[in-house]
Amino acid sequence: MSLSVRLDLKGLKTAVAAYVAANKIDLSTLTITQNNIVGLVDTIGKIWHIDTSVYDKLPEFDGEFLSFGKNVEEWNQDMSLPQDHNVDEDGSRALKNYAPSYRPVSYSISLGRKVFATSIPYGNIERAVHNEGQYIEVVSTITKKLEDSVSLWKYESKREIIGKMIDACEAAMGSGATTYVANSTALVVGGAYTNGSGKYAVAMLSQSAENKTFAELLAEGKLVELKLIKEVDIPVDTTTGDDFIKAVKEEVEYASDVSEGHSLNGNVLGVEEELGLYFKQGVMPSIEVDTLAGAFHEEKLALGVDSKVIKDFGSTQSTAFAVLLDKRAIRLFEGYNATRSNENGFGDRLNIFRHVEYTGHYSRNAFICVFKPKSA
């Protein structure tokens, strides 16, 4: 009597399910077996390792190395208005002081030093690998992961700086603004103010309270309206995707010419040539699929700026899902970078230390527009 060997898909599936047993895959411990005629321990046939690619996705925000001094100080000079030309017979106008004016100076101090450490034991890894090649792979991975950790730290820090800049924009156009009251509210240079009906502005000078309306101060240039935040629906379909791209194009248009009110200091900005649009994860797929893919003339919907998807904007609690900014606005300056090592003779290991120090900074004088969902 012969046994049936006919292929049956249902039977095959059952047989494979029994063969690929869960108790033989992904074990945290190994039980020694001796399934051979000699009685020797069954040997490991493959030592496997899958490495990952970890890198800083925001290299454009790297600042130069700070060799001496670790703090950052930023200043910005205002533009000058022309004056009528008159004959100056007595020379009085020639001797006047035409001092330039400046926006408030801002400072960023060192974030402090961090140390990344790892150890390579002697006479330890050798007992676990088959050959020199595997030994080198393990040791090189230990040092690579140390560098990967530094890169990841930098990437996280840069996203956190973006988040802090977003928070500053929200404060200037929200909780950090003082409600202006005529004949009562004094202006402080750099201070944020609101008229209580949705308009926000930053003071260009300091002066005592005067009997003028919010609108009059805007017209006189003593206040400059802030335009740091734009509310638009998160792109989820063709309509919202098109609306978002239109909103971005409007901001790019502002940035491509002289403008004011698009920076935290509200200062006059020139033509921005290094704009970047940064998305939180989850937004770009809808734009690419629902908006761009359905457009007959895709070039008309193209954003026109460098765009990049990043994990998040740090720890900010803002609902912002994208931010358009001058790439020069964010910087992570390196103040110290050194690798040290020592041998622990008694412990028979090599210790490796990566010392790093950074100073994070965002500019109050650079273009930024934060995109948030429309208020309910």
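General remarks:
- Of all residues in the range 248-268, those being more than 22 Å from the chain's Cα centre (by Cα) and hydrophobic (A, V, I, L, M, F, W, C) number 2.
- Taking residues in the range 165-193 that are in contact (Cβ under 8 Å) with a residue 60 or more places away in the chain, and partners anywhere that are of a type in the set (Gly, Ala, Ser), the pairs with Cβ atoms closer than 6 Å and at least 6 places apart or on different chains are ILE166/SER318; ILE166/ALA320; GLU170/SER318; ALA172/ALA192; VAL189/ALA203; VAL189/SER206.
- Number of residues in the range 255-291 that are part of a helix (DSSP H, G or I), buried (at least 19 other Cβ atoms within 10 Å of the Cβ) and without any contact (Cβ under 8 Å) to a residue 40 or more places away in the chain equals 0.
- Residue count, the range 8-46 (criterion: of a type in the set (D, E, K, R) and either under 27 Å from ALA128 (Cα atoms) or in contact with a strand residue (DSSP E or B) (Cβ under 7 Å, 6 or more places away or on another chain) (or both)): 4
- One residue from SER67, SER80 being surrounded by fewer than 10 Cβ atoms within 10 Å (Cβ to Cβ) and touching a residue at least 12 places away in the same chain (Cβ under 8 Å): SER80
- Residue check for LYS70: at pLDDT 90 or above, closer than 30 Å to LYS145 by Cβ and within 49 Å of the chain's Cα centre (by Cα): yes
- Which numbered condition GLU272 fails, given (1) modelled with pLDDT of 85 or more; (2) closer than 30 Å to GLN77 by Cβ; (3) in contact with a strand residue (DSSP E or B) (Cβ under 8 Å, 6 or more places away or on another chain): (1)
- Selection status of ARG364, in contact (Cβ under 8 Å) with a residue 12 or more places away in the chain, touching a Pro at 6+ places or on another chain (Cβ under 9 Å), more than 12 Å from GLY63 (Cβ to Cβ) and crowded, with 20+ Cβ neighbours inside 10 Å: yes
For every residue, the table says whether it meets (1) assigned to a helix (DSSP H, G or I); (2) closer than 30 Å to GLN281 by Cα.
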| site | (1), (2) |
| --- | --- |
| PHE68 | no, no |
| GLU73 | no, no |
| LEU111 | no, yes |
| THR118 | no, no |
| GLY123 | no, no |
| LYS145 | yes, yes |
| SER157 | yes, yes |
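- Test: residue in the range 80-99 that is farther than 30 Å from LEU350 by Cα, out of contact with any helix residue (DSSP H, G or I) (no Cβ under 9 Å at 6 or more places or on another chain) and part of a strand (DSSP E or B): no
- For the range 102-134, the candidate set comprises residues that are farther than 30 Å from TRP153 by Cβ and without any contact (Cβ under 8 Å) to a residue 24 or more places away in the chain; within that set, the residue that is surrounded by the fewest Cβ atoms within 10 Å (Cβ to Cβ) is ARG127.
The values are calculated or read from the model by the stated rules, or taken from the named source; none is laboratory data. The model shown is predicted, which means the values in this text are computed figures rather than measured ones. In this analysis, Cβ positions are derived from the backbone assuming ideal geometry, glycine residues included, and neighbour counts consider all displayed protein chains.
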